[in-house]
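Worksheet: one structure, shown below.
The values are calculated or read from the model by the stated rules, or taken from the named source; none is laboratory data. Quick caveat: nothing in here was measured; it's all calculated off a predicted structure. Don't worry about glycine lacking a Cβ; one is built from the backbone with ideal geometry, like all the others, and counts go over all protein chains shown.
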Amino acid sequence: MGIVHAKVERKYNFAEDEAGLFDYDEPDLDELPVPRAPIELSGVRARVDRVNVDGLNRTKDDVIRGTVDDLFNAKDFEDVIVRAHKVRQALDNLGCFRDVCVYIDVSSGPEATPDGLEVTFQVRELSRVAAAVATDVSEDEGSVVLGVKLPNLLGRGERAAAGYSLGHLRSTNMHLGFTKPLLLRTYEPVVSGSLYQRAAEHVSSGYRLLDRGLLLDLAFQTSPTTKHHVQWEGVMREMFVSNKTSFKVRESSGPQLKSMVRHIISVDQRDEAVFPTQGARLHICNELAGLGGSVASLRTELHLQFNHTLSQKLGLVVQACGAVGLLHDVYGSSVADHFFLGGAASLRGFQHRGAGPHCDGHALGGRMYWAGGLHVFAPLPVPGAGTGLGALFRSHLFLNTGCVASPERGSSGEWWRELGAARGAGGAGLCLRLGRAARLELSYVLPLRWMPGDRTHAGIQLGLGANFL
């Protein structure tokens, strides 16, 4: 390999440094730094003669060849570096290796060319079995996840996994899945399938839901920021109610068989997920149910977010969010299919599922909704808030509004009247980053507008989630 010149820091030795721990050499102020001319790598002729991959054990050769072939198209030294970086990322994304290192050296041997280079990738394969304990956040609930994975099962990036999760709101989830990348560089498609059972308590609506099903998924990318999922899901759903559950919720109780196809598109151009300072995110989910089973419906939902930095010096960021949803019921849709608003991660200033139609104290949700939010984020007003531990926190001002309704089929005036019954809340709070995908939010909220039957929540509200309105 090539020679790397590095400066090694000399460790303190009491026998050599007799002056003591606080002695130091005076800097030579007369010595000026030597200017160095920049090197234009694009003008250096180079080509790749040979590619080596060291450390392979279970991974198949055809997978590696298809990944590194692009290196042989390099025309100059800069092109070699760029392509080697892309190949390293592709190898890392296969899900076969723990570490991938790249070394570039001058080609040698009888078949070496004058401008030839030799690129070597040193890899460490993942162990055959991996177990982990992790946390997950969804729908304002934190969960502990116990999982076992079998990575690179057949040598081409396949992965089998089993997991069990338990949420602090008494939800449980068990799944058994298999994932296989199709190794096409154009769209990076991945197919997967999973068997699952999940149970969740919805106290605010007076029912408990038990789902057992099969999910098949095809995921691919059409650009670095655009991801698609095409899914088929078949689920046997059973809703359990108590003797205090309202009659309108009780009508949906019992077993249901639901078969649906779904398309999800996500365009994420933000600079980061938790505290973005610029960029936008678009998420659209379209679902068609009725390909067998006892439920037929068309459901669509859209989420949109914009971020803009008002002041780079002060760290002020303004964020605008919006969401809309529509459920067109043909037959068989239940309360569990409805949209709900309210909660610290949804429409603040209301209890969980507290905004919208209620019956005997239980939330019924609605077949359509809209919601929006305007936020201003800033670092804490203390010295050093932008570095160290302070970088995990943000102060937060917000205004939320939204409406959820189930207008009966009739005049358009009735629809507009119900959708115009907007709720609203405002407040301020403190946000804490949790990893790279979630945050904890402590806010003081004041409901500004509500409707009869809504369940408001004025005062301190604590929210945990990955996506906030």
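Results, tabulated for the structure shown:
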{"quantity": "Some residue of the stretch 229-236 being closer than 28 Å to Leu282 by Cα and in a loop (DSSP other than H, G, I, E, B)", "calculated": "no"}
{"quantity": "Checking Thr59 against (1) under 32 Å from the mean Cα position of the chain (by Cα); (2) of a type in the set (Val, Ile, Thr); (3) not in a loop (DSSP other than H, G, I, E, B), the condition it does not meet", "calculated": "(3)"}
{"quantity": "Qualifying residue in the stretch 242-261 (condition: within 18 Å of the chain's Cα centre (by Cα), at pLDDT 95 or above, crowded, with 17+ Cβ neighbours inside 10 Å and not in a loop (DSSP other than H, G, I, E, B))", "calculated": "no"}
{"quantity": "Pair list, Cβ < 6 Å and 6+ apart or interchain, from the stretch 127-155 residues that are in contact (Cβ under 8 Å) with a residue 40 or more places away in the chain to residues that are of a type in the set (Val, Ile, Thr)", "calculated": "Gly155/Thr59"}
{"quantity": "Pairs with Cβ under 8 Å, 6+ apart, first in the stretch 177-197 and charged (D, E, K, R), second surrounded by 15 or more Cβ atoms within 10 Å (Cβ to Cβ) and part of a loop (DSSP other than H, G, I, E, B)", "calculated": "Lys180/Arg156; Lys180/Gly157; Lys180/Glu158"}
{"quantity": "Residue that is nearest to His263 (Cα to Cα) [pool: residues in the stretch 311-323 that are surrounded by fewer than 18 Cβ atoms within 10 Å (Cβ to Cβ) and touching a residue at least 60 places away in the same chain (Cβ under 8 Å)]", "calculated": "Leu316"}
{"quantity": "Hits in the stretch 116-134 (condition: touching a Phe, Trp or Tyr at 6+ places or on another chain (Cβ under 9 Å) and not aliphatic (A, V, I, L, M))", "calculated": "Glu118, Thr120, Phe121, Gln122, Arg124, Glu125"}
{"quantity": "Test: residue in the stretch 7-14 that is at pLDDT below 50, loosely packed, with under 14 Cβ neighbours inside 10 Å, among the aliphatic types (A, V, I, L, M) and not assigned by TED's automatic domain parsing to the domain that holds Pro151", "calculated": "yes"}
{"quantity": "Residue within the stretch 397-408 that is surrounded by fewer than 13 Cβ atoms within 10 Å (Cβ to Cβ) and over 21 Å from Val318 (Cα atoms) present", "calculated": "yes"}
{"quantity": "Residue that is in contact with a Cys (Cβ under 9 Å, 6 or more places away or on another chain) and touching a residue at least 24 places away in the same chain (Cβ under 8 Å), where the choices are Leu440, Leu434", "calculated": "Leu440"}
{"quantity": "Residue match in the stretch 336-343 (condition: within 27 Å of Val445 (Cβ to Cβ), among the aromatic types (Phe, Trp, Tyr) and assigned to a strand (DSSP E or B))", "calculated": "yes"}
{"quantity": "Any hit, the stretch 373-389, residues being closer than 20 Å to Gly325 by Cα, under 23 Å from the mean Cα position of the chain (by Cα) and at pLDDT 95 or above", "calculated": "yes"}
{"quantity": "Hits in the stretch 306-349 (condition: hydrophobic (A, V, I, L, M, F, W, C) and under 30 Å from Phe240 (Cβ atoms))", "calculated": "Ala323, Leu326, Leu327, Val330, Val335, Ala336, Phe339, Phe340, Leu341, Ala344, Ala345, Leu347"}
{"quantity": "Lys75 being basic (Lys, Arg) and under 27 Å from Val190 (Cα atoms)", "calculated": "no"}
{"quantity": "Candidate set: the stretch 409-428, residues that are part of a helix (DSSP H, G or I) and surrounded by fewer than 15 Cβ atoms within 10 Å (Cβ to Cβ); chosen: the one modelled with the highest pLDDT", "calculated": "Arg417"}
{"quantity": "Arg394, sole failed condition from (1) at pLDDT 90 or above; (2) among the charged types (D, E, K, R); (3) part of a loop (DSSP other than H, G, I, E, B)", "calculated": "(3)"}
{"quantity": "Residue tally, condition among the hydroxyl-bearing types (Ser, Thr, Tyr) and at pLDDT below 90, over the stretch 128-174", "calculated": "4"}
{"quantity": "The stretch 184-215, residues that are surrounded by fewer than 18 Cβ atoms within 10 Å (Cβ to Cβ), of a type in the set (A, V, I, L, M) and over 29 Å from Leu341 (Cα atoms)", "calculated": "Leu184, Val191, Leu195"}
{"quantity": "Selection count where residues are outside any loop (DSSP other than H, G, I, E, B) and over 27 Å from the mean Cα position of the chain (by Cα), scope the stretch 397-408", "calculated": "1"}
{"quantity": "Members of the stretch 94-121 that are touching a residue at least 60 places away in the same chain (Cβ under 8 Å), loosely packed, with under 15 Cβ neighbours inside 10 Å and of a type in the set (S, T, N, Q)", "calculated": "Thr113"}
{"quantity": "Residue count for the stretch 233-261, restricted to those that are without any contact (Cβ under 8 Å) to a residue 40 or more places away in the chain and either of a type outside the set (D, E, K, R) or not assigned by TED's automatic domain parsing to the domain that holds His358 (or both)", "calculated": "12"}
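This table checks each residue for (1) in the same structural domain as Thr309 (by TED's automatic domain parsing); (2) more than 24 Å from the chain's Cα centre (by Cα); (3) under 25 Å from Ser138 (Cβ atoms).
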site: Ala355; (1), (2), (3): yes, yes, yes
site: Ser395; (1), (2), (3): yes, no, no
site: Cys431; (1), (2), (3): yes, no, yes
site: Leu442; (1), (2), (3): yes, no, yes
